[in-house]
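Single-structure report; data block below.
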Amino acid sequence: MRTVRVLALAIGILLVVTLCASCSPGDALSGAAQPTAGEAAVGGSGGANADGAEVTAAEQSDDREGGESAGRGDESPDDQSGNTQPQNNGSAAETQSPAQQSPTGAPYAAPEITPDGASGNPADDTPDDTQDDTPGNTPDITSEITPIPTPTPTPTPTPEPAAPTSAPAQQPGNEPIVLTIRGDGAVGETSWTLSMLQSMSDGYREYKYSTTNNWPNFGYASANGISVPYLLRQAGVTDDAAAFILTAADGYYTAVTREQMFGVRYAYANHDRNGSSGESAVEPVIAWEWGEDGVARPEKLRFFIGQRGPMEVNTSAFIRDIVSIEAVTTSRGSWDAPGASVADGSEVPFGTEMSLLHDNMDIVRIYYTLDGTEPDYNSAVYNPSTSFFQPHLITPIFLAGDVTIKALAAGIGRDPSPVVTFSYTVGEPE
């Protein structure tokens with residue numbers, strides 16, 4: 001290649017000398033300043049673009065920088081943080097300009113155009129003893145560019161379909177525990193699965209409980225399950241157990257005294273706001289079938305308890321999803337006795353209104369009499385509703401004559417209060 005260049009240069013000089021000898025000095029000077037198109041193609045100060053138009057070295061540099069800038073992707077002009085990361089965060093092939101991608105999409109570096117029109121590799125301008133400079137055997141520089149082979153895509157293996165899963169078989173060996181009895185009032189800890197509870201035929205009960213809530217509404221609940229007193233005896237609950245803490249899966253709990261758990265309680269066959277009748281004794285149960293519409297259906301375990309009187313609120317103790325019973329030997333004590341708005345033994349005018357008072361008015365029910373007899377769970381109820389449901393149902397007692405009022409407070413979770421007496425001397429009506 002260098003030999004060819006030297007011969008071409010010598011021939012060119014010889015032609016210039018010959019021409020200069022046959023023309024005037026001005027013509028020779030003018031001719032030397034006008035290189036031919038061929039000489040422009042190999043001149044030292046410029047180069048050619050793809051269309052054969054002349055471009056300067058500075059323009060070539062601008063083209064290269066422009067190509068590199070295009071490869072970075074768009075930069076947001078609104079970014080005031082100095083962050084120059086491209087908005088396109090894809091792969092290199094996605095952020096390159098089309099001129100920088102191979103036909104297959106694989107990126108490669110385009111050959112750089114140097115001032116002498118040769119390859120952009122600086123090593124091409126140094127002597128190379130291994131290069132064949134023999135005329136007629138000039139290598140084609142395009143043949144030296146080895147195209148990057150198109151990568152063969154690796155097939156993505158098709159995942160095997162997941163094996164269908166099923167719930168574990170409900171067998172005695174792996175059936176979950178549904179109820180546990182523990183505490184210092186029991187002999188150790190005893191647990192049961194649902195099938196174990198259902199197998200205790202001696203303790204199985206089916207009841208239709210009468211129910212009263214805080215509104216008050218009156219209704220019924222059907223429940224099929226295991227007698228809790230029977231179950232406590234099976235767990236070895238001792239006579240020292242004074243109360244039982246019933247806890248649900250979500251942490252909600254209620255307490256029942258020993259007397260409330262083992263004492264006589266009732267369900268009323270005829271139960272509404274006009275009165276109740278047809279009572280029958282029922283035990284507390286933990287039911288796996290229950291319903292409040294007269295039909296017992298399979299459900300999570302729920303605790304049910306009867307009533308000592310038709311106005312006693314029992315629905316607050318119906319614990320859903322019960323999981324444990326703790327038998328404790330510590331007594332929960334009794335409810336405080338009711339108070340009165342008028343002091344006991346007072347002389348009051350005719351028509352005085354006296355209110356019964358309690359710190360837990362929304363939890364307990366106050367049963368009272370006006371004839372001096374002992375109140376019980378069938379006596380009149382001073383607070384049939386709560387202060388947050390129907391407070392207008394809580395009305396004072398109108399004193400129309402000498403009277404002795406006896407009252408007690410009762411509710412699930414503690415023993416009833418002592419009976420308290422309030423006596424009044426009432427004046428004549430005006």
Members of segment 288-309 found to be outside any strand (DSSP E or B) and not hydrophobic (A, V, I, L, M, F, W, C), listed by number: Glu292, Asp293, Gly294, Gly306, Arg308, Gly309
Being hydroxyl-bearing (Ser, Thr, Tyr), in contact with a Lys or Arg (Cβ under 9 Å, 6 or more places away or on another chain), surrounded by 17 or more Cβ atoms within 10 Å (Cβ to Cβ) and at pLDDT 95 or above narrows it down to one of Ser210, Ser227, so name that one. Ser227
Subset of segment 315-362 [buried (at least 18 other Cβ atoms within 10 Å of the Cβ) and part of a loop (DSSP other than H, G, I, E, B)]: Phe318, Ile319, Trp335, Pro338, His358, Met361
What tally of residues in segment 267-287 results from selecting those that are buried (at least 21 other Cβ atoms within 10 Å of the Cβ), assigned to a strand (DSSP E or B) and modelled with pLDDT of 95 or more? 6
Going through segment 368-400 in order, the residues found to be among the β-branched types (Val, Ile, Thr), within 30 Å of Gly263 (Cβ to Cβ) and not in a strand (DSSP E or B) are Thr373, Thr386, Ile394
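Each row is one residue, and each column tells you yes or no for (1) modelled with pLDDT of 95 or more; (2) open to solvent by less than 40 Å² (accessible area, probe 1.4 Å); (3) of a type in the set (A, V, I, L, M, F, W, C).
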{"site": "Pro391", "(1), (2), (3)": "yes, no, no"}
{"site": "Ile405", "(1), (2), (3)": "yes, yes, yes"}
{"site": "Tyr424", "(1), (2), (3)": "yes, yes, no"}
{"site": "Gly427", "(1), (2), (3)": "yes, yes, no"}
For segment 249-256, state whether one or more residues are under 21 Å from Thr330 (Cα atoms), open to solvent by less than 40 Å² (accessible area, probe 1.4 Å) and of a type in the set (Ser, Thr, Tyr). yes
Residue count, segment 301-312 (criterion: among the basic types (Lys, Arg) and farther than 14 Å from Val285 by Cβ): 1
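Would a scan of segment 302-314 turn up a residue that is open to solvent by 10 Å² or more (accessible area, probe 1.4 Å) and under 41 Å from the mean Cα position of the chain (by Cα)?
Scanning segment 302-314, I find at least one residue that is open to solvent by 10 Å² or more (accessible area, probe 1.4 Å) and under 41 Å from the mean Cα position of the chain (by Cα), so the answer is yes.
The values are calculated or read from the model by the stated rules, or taken from the named source; none is laboratory data. Because the structure is predicted, anything quoted here is derived from the model rather than measured. Cβ: placed from backbone, ideal geometry, glycine included. Neighbour counts: every protein chain shown. Quick note on the areas: whole protein, heavy atoms, side chains included, nothing else; ligands and nucleic acids left out. Shrake-Rupley method; radii C 1.70, N 1.55, O 1.52, S 1.80 Å.
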